[in-house]
Amino acid sequence: LLAAFVLNLMFIPTFGLPGAALAILTAVIVANGTRMLVIYKAFGKSPVDTRILRTVFIGGVCFVAASSLTQLVGIENKILDALVTACLFLALYFSVLARWGFETDDQQVLKSIIRRMLAALKLGKNP
């Protein structure tokens with residue numbers, strides 16, 4: 001909480017609302033990292049399966065790639081830009097995971113997305 005407060009004081013005057021988001025994100029990462037370290041030191045085991053790091057890394061790379069591609073296109077409408085970025089991210093993310101193999105959690109998320117998309121398509125056909 002103290003880290004979030006200090007980071008907000010530093011980032012909000014410079015970056016505004018994105019600075020607040022960055023401050024909270026940084027504080028949460030530091031807090032969770034500290035908790036993980038304490039658990040590791042106390043019990044000698046990682047509280048998170050190390051395979052998740054691959055999924056997180058792939059997600060980060062795909063997000064940077066999707067954001068960079070939409071920036072190159074230069075979409076002026078912020079909502080459309082966010083929508084295109086999200087769709088591109090999902091396409092890249094699931095394509096890479098399909099190539100390298102899905103974890104169980106990834107399979108469940110993909111099945112849920114497909115079910116929702118199919119339900120939305122069925123709703124669109126019925127007036």
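The values are calculated or read from the model by the stated rules, or taken from the named source; none is laboratory data. All of these numbers come straight from a predicted model, not from anything done at the bench. Methodologically, a virtual Cβ is constructed for each residue, glycine included, from the backbone with ideal geometry; neighbour enumeration extends over all protein chains shown. Accessible surface areas use protein heavy atoms only, side chains included; no ligands, DNA or RNA. Shrake-Rupley method; radii C 1.70, N 1.55, O 1.52, S 1.80 Å.
So which aspartates and glutamates can LYS41 reach, going by Cα to Cα under 18 Å and dropping same-chain residues fewer than 8 places off?
Excluding near neighbours in sequence, the set is ASP49.
Report ³J(HN,Hα) in whole Hz for each residue of region 57-62, in order, from the Karplus equation J = 6.51 cos²θ - 1.76 cosθ + 1.60 where θ = phi - 60°; Gly and Pro get x.
4, 4, x, x, 5, 5
Considering the options LEU53, VAL64, GLY74, tell which one lies farthest towards the positive end of the dipole of the chain, charges being +1 on Lys and Arg and -1 on Asp and Glu at the Cβ, about the Cα centre.
LEU53
Computed on alpha carbon atoms, what radius of gyration and Dmax characterise the chain, expressed in Å?
Cα-based Rg and Dmax for the chain come out at 19.0, 59 Å.
Using a 1.4 angstrom probe with every protein chain in place, what is the largest-first accessible-area order of THR104, THR85?
The ranking, largest first, comes out as THR104, THR85.
For region 61-127, what's the radius of gyration and Dmax over Cα atoms, in angstrom?
For region 61-127, the Cα radius of gyration and maximum Cα-Cα distance read 14.4, 41 Å.
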